[in-house]
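The values are calculated or read from the model by the stated rules, or taken from the named source; none is laboratory data. Since this is a predicted model, take the numbers as computed values, not measurements. Note that we place each Cβ from the backbone using ideal geometry, even for glycine, and neighbour counts take in every protein chain shown. The protein model used for the area step is the full one, side chains on, heavy atoms only, and it has no ligands, DNA or RNA in it. Shrake-Rupley method; radii C 1.70, N 1.55, O 1.52, S 1.80 Å.
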Amino acid sequence: MKFYSTNNTNLRVGFKEAVFNSMPQDKGLYMPVSIPRLDDKFLNNLGQYTLPEIAFHVAQNFLGDDIPADDLKAIIHDAINFYAPVVKLEENFYVLELFHGPSLAFKDFGARFMSRVMGYFLEEGEKQLDILVATSGDTGGAVALGFLGVPNTRVTILYPKGKVSQVQELQLTTNGHNIRALEIDGTFDDCQALVKQAFTDNELNEKLRLTSANSINIARLIPQTFYYFNAYAQLLREGISKVVFAVPSGNFGNIGAGLLAWKMGLPVERFIAATNANDTVPEFLKTGVYQPKPSVATLSNAMDVGNPSNWVRIANLFKKEPEALKKLIVGYTYSDEDTVQSIEAISKEYNYIACPHTAIAWKALKTYQQEHGAKDTAGVFLSTAHPCKFPDVFTPEQADKINIPEQVNDLQQKAHHATSLGTSFAEFKGYLLNNA
């Protein structure tokens, strides 16, 4: 498979180069030259396959001969070794639980696959790989666990000071070894801007072998298609063949992966982009004007993104048919008050505790079904993180219903360390050079 840059459609690089470079020097994002459509026999019989089998088939169609079949199979079985169940809450209303991986967030799909792909491509004697990652909450934890102990790699995580939950911060700062954390006195957008600027800085790229583990890396996006196909497979087993997905959306990698799956032939009726007060994309879908804005801090912190990186990929997917994009995606935006009310409603109605991001997706799906609901179409909202990661959001009664995983209790006992920096690129660059 060859990849081009969204800023240069004539560029051609292989998968290995796209993974290690992360972002082209022209500041675009890598996209596949062609998106393979999966054969109808496979799509119509998805219900017969397991998650690893689905993942292998999808990945092999994307990557071709870039990774031999047996090696790709081994990577997938090692990376995707947890489940992602679709849970029925009421008639035609389901939740897709994506928090059963080691970091308790959907980012485990992308981070674990990418770390193993990078480890596979790294050859003995090569220069150390320096992985930079900006996180608004969950990405950093997934990447840290994905790369922890991977030889010849070092991960630097940038997170916004005071804007991640206590559990999320512990997941970023307690790893040690080849993982280091930087607490940035700013927003996620500031963290993301520092990482992006680093990739286009000549001196840094001469002295360090930089790559990214954010969803700007195409190796993060491909494995996120797996769980859309797998969710549909589970619905097919229940005799359901029509589905809409409601996706909590921040940097728009998650819904971008869903759209890739749709392009590959997954028969999704519609995607619902559910955002918090950071409503750049819902506003665009309403007005046709794309206007990035400074991010606003909310209870659903992993979605606090005012200028989502992956939107350029989505726009690129639909550059020849922009009207089709607006027909396929509908956007809803909700306040913190809406979020708290939704958490309470979910708790009372289903005795189910949802994290604040998940609650926003639930609210968007409820709204959508009231406006557009069809009796033969199932609605699935994505639960992107375990609720235990956001203890300050819940009432005591709600918190009592949360089963705390053992790995979270273990985090409390570990030493943690982070280096504090401002938002100056010169300061960040100096840190990287002085600690090379």
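Under 8 Å for C-alpha pairs, at least 6 residues apart: give me the relative contact order for the chain, rounded to a whole percent.
Relative contact order for the chain comes out at 19 percent.
Keeping every protein chain in place, order 116, 220, 154, 237 by accessible area at 1.4 Å, biggest value first, i.e. largest first.
Greatest to least solvent exposure: 237, 116, 154, 220.
Quick one: net charge around residue 101, please, counting Lys, Arg +1 and Asp, Glu -1 for every other residue with C-beta under 11 Å from its C-beta.
-1
What order do you get for 408-414, 243-249 when each peptide is scored by the mean count of other beta carbon atoms within 10 Å, highest first?
In decreasing order of mean packing, 408-414, 243-249 become 243-249, 408-414.
Relative to the compact-globule scaling 2.2 N^0.38 Å, provide the ratio for the alpha-carbon radius of gyration of the stretch 269-375.
Compared with the compact-globule rule of thumb, the stretch 269-375 sits at 1.12.
What does the charge count around residue 284 come to, taking other residues whose C-beta lies under 12 Å from its C-beta (Lys +1, Arg +1, Asp -1, Glu -1)?
Cβ neighbours under 12 Å give a net charge of +1.
May I ask you to list the lysines whose Cα is less than 19 Å away from that of residue 73, ignoring any residue fewer than eight positions away on the same chain?
Cα-Cα hits under 19 Å: 16.
Could you tell me what percent of the accessible area of the stretch 1-125 is made up of carbon and sulfur, with a 1.4 Å probe and every protein chain present?
Carbon-and-sulfur percentage of accessible area, whole number: 44.
For the stretch 46-146, which chymotrypsin sites (Phe, Trp or Tyr not before Pro) are in a loop by DSSP, counting at most 13 other Cβ atoms within 10 Å?
Those that pass, being in a loop and sparsely packed, are 83.
Only Cα pairs under 8 Å and at least 6 apart count here; give the relative contact order of the stretch 245-359 as a rounded whole percent.
Once normalised by length, the contact order is 31 percent.
Which whole-number value in Å² is the accessible area per residue of the chain, probe 1.4 Å?
Each residue of the chain exposes 38 Å² on average to a 1.4 Å probe.
For residue 319, go through the aspartates and glutamates and keep the ones whose alpha-carbon is under 17 Å away, minus same-chain ones fewer than eight residues off.
Straight-line reach from residue 319, under 17 Å: no aspartates and glutamates qualify.
Could you compute the net charge surrounding residue 417? Neighbours are other residues with a C-beta less than 14 Å from the C-beta of residue 417; K and R count +1, D and E count -1.
Local charge sum for residue 417: 0.
Could you tell me which label, among (1) 27.9; (2) 23.9; (3) 19.6, carries the value of mean projected area of the Cα convex hull in nm² calculated for this structure?
Label of the calculated value: (3).
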